[in-house]
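The values are calculated or read from the model by the stated rules, or taken from the named source; none is laboratory data. Owing to the predicted nature of the structure, the values given are computational and were not obtained by experimental measurement. All Cβ positions, glycine included, derive from the backbone under ideal geometry; neighbour counts span all protein chains shown. Heads up: the accessible areas ignore ligands, DNA and RNA and are worked out on the full protein's heavy atoms, side chains in. Shrake-Rupley method; radii C 1.70, N 1.55, O 1.52, S 1.80 Å.
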Amino acid sequence: MNLSDDDQLMARERAIRDRVRALSEDARQTFYHRLRKEARDPDTYAVLNYLMLAGLHHYYLGRWWRGTANLVVFLAGVAIALTTAPFIGAGLVVLVFVIELPQLFRAQRIVAEYNLALQERL
């Protein structure tokens, strides 16, 4: 039987909770302290994506290469649109927008997966 993505996330959350419960009090406090410091907020991610500042939401999650690639393509599109070939430049900006738009609608899930991976590492 295949579990849905939501079921898989919930199963991972339960497994982490069980593992954290088994920790000593000091280890549990350390875990939660680091988690509070390093966990990411889905609303902040969504706002950075919504502003369409071409990749800032990737930087927020530490995905430097993807954020840089988006930013470079976006800025190149703006520069080209304002100088030599407006349609090509606008096309690059629209391309970044089309690629990033689905992430706006998946912000809660993307950040939940990031935070779960963080908890598993901790």
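Taking Arg28 as meeting all but one of (1) under 27 Å from Asp6 (Cβ atoms); (2) touching a residue at least 12 places away in the same chain (Cβ under 8 Å), write down the number of the exception.
The failed condition is (2).
Hey, can you tell me all the residues within region 17-58 that are of a type in the set (Phe, Trp, Tyr) and open to solvent by 50 Å² or more (accessible area, probe 1.4 Å)?
Tyr32, Tyr50
If you go through region 75-95 one residue at a time, do you hit one that is open to solvent by 70 Å² or more (accessible area, probe 1.4 Å) and in a loop (DSSP other than H, G, I, E, B)?
yes
Sort out which residues of region 22-74 are within 16 Å of Leu104 (Cα to Cα), in a helix (DSSP H, G or I) and out of contact with any Phe, Trp or Tyr (no Cβ under 6 Å at 6 or more places or on another chain), and write them in order of number.
Pro42, Asp43, Thr44, Ala46, Val47, Asn49, Tyr50, Leu56, His58, Tyr59, Arg66, Asn70
Within region 105-116, is there a residue that is in a helix (DSSP H, G or I) and more than 30 Å from Asp18 (Cβ to Cβ)?
The initial filter retains those residues of region 105-116 that are in a helix (DSSP H, G or I), namely 105, 107-116.
With more than 30 Å from Asp18 (Cβ to Cβ) added as a condition, the list becomes 105.
The answer is yes, given that some residue of region 105-116 is in a helix (DSSP H, G or I) and more than 30 Å from Asp18 (Cβ to Cβ).
Go through (1) under 20 Å from Glu120 (Cβ atoms); (2) open to solvent by 50 Å² or more (accessible area, probe 1.4 Å) and name the single condition Trp65 misses.
If we test Trp65 against (1) under 20 Å from Glu120 (Cβ atoms); (2) open to solvent by 50 Å² or more (accessible area, probe 1.4 Å), just (1) comes out false.
Please go through (1) within 28 Å of Phe105 (Cβ to Cβ); (2) at pLDDT below 90; (3) not charged (D, E, K, R) for Ala81 and return the number of the only condition it doesn't satisfy.
(2)
Which of the residues that make up region 96-119 are open to solvent by 70 Å² or more (accessible area, probe 1.4 Å), in contact (Cβ under 8 Å) with a residue 12 or more places away in the chain and closer than 26 Å to Lys37 by Cβ?
Gln108
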